[in-house]
Amino acid sequence: QVQLVESGGGLVQAGGSLRLSCGASGRIFRFNAMGWYRQAPGKQRESVAIIASGGDTNYADSVQGRFTISRDNARNTVYLQMNSLKPEDTAVYYCHASIRRWGDTKYVDYWGQGTQVTVSS
């Protein structure tokens, strides 16, 4: 079994920073893309930042220039550095990874349990 465990959420004032971490464990052979998504109350889940296996990144327009995604392949961990936070960034943030397990031939999508980020004005 594969598990993704997020940490680093919390309450911060507007303009502040937070760093989210997501560690993967289990019988992992290889990662494909990893990323962060968020879901605010009453809204659909949206992509925030994605990092490909080769390191290419893609950001939502709303976070471009403020958030930075990175990955540590040796630690099976993906990070999201969030700076200049705004109240509209308030949401539950979910980690996602496309993973191929040992003995499998296909990549499967896995999700973390979510971590709350609240930005006060």
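Among the residues of region 72-84, are any in contact with a helix residue (DSSP H, G or I) (Cβ under 9 Å, 6 or more places away or on another chain), at pLDDT 95 or above and over 24 Å from residue 2 (Cα atoms)?
Yes, the conditions are met somewhere in region 72-84.
Can you pull out every residue in region 27-69 that is of a type in the set (S, T, N, Q), at pLDDT 95 or above and under 17 Å from residue 111 (Cα atoms)?
Result: 39, 44, 47.
Find the strands (runs of 3 or more DSSP E) located wholly in region 24-121 whose residues include 1 or more that are among the charged types (D, E, K, R) and open to solvent by 50 Å² or more (accessible area, probe 1.4 Å), and list them.
28-39, 46-51, 91-101, 108-111
Specify which of the listed residues (21, 25, 62, 17) is without any contact (Cβ under 8 Å) to a residue 40 or more places away in the chain and among the small types (Gly, Ala, Ser).
62
From 52, 97, grab the single residue that is under 14 Å from the mean Cα position of the chain (by Cα) and free of Cβ contacts under 8 Å to residues at least 24 places away in the same chain.
The conditions single out 52.
Scan region 1-20 for residues that are surrounded by fewer than 17 Cβ atoms within 10 Å (Cβ to Cβ) and outside any loop (DSSP other than H, G, I, E, B) and report the count.
Final tally of qualifying residues: 7.
The values are calculated or read from the model by the stated rules, or taken from the named source; none is laboratory data. Since the structure is predicted, the reported quantities are computational estimates derived from the model, not experimental observations. Neighbour counts are summed over all protein chains in view; Cβ atoms, including those assigned to glycine, are modelled from backbone coordinates with ideal geometry. All accessible areas refer to the heavy atoms of the entire protein, side chains included, with ligands and DNA or RNA removed. Shrake-Rupley method; radii C 1.70, N 1.55, O 1.52, S 1.80 Å.
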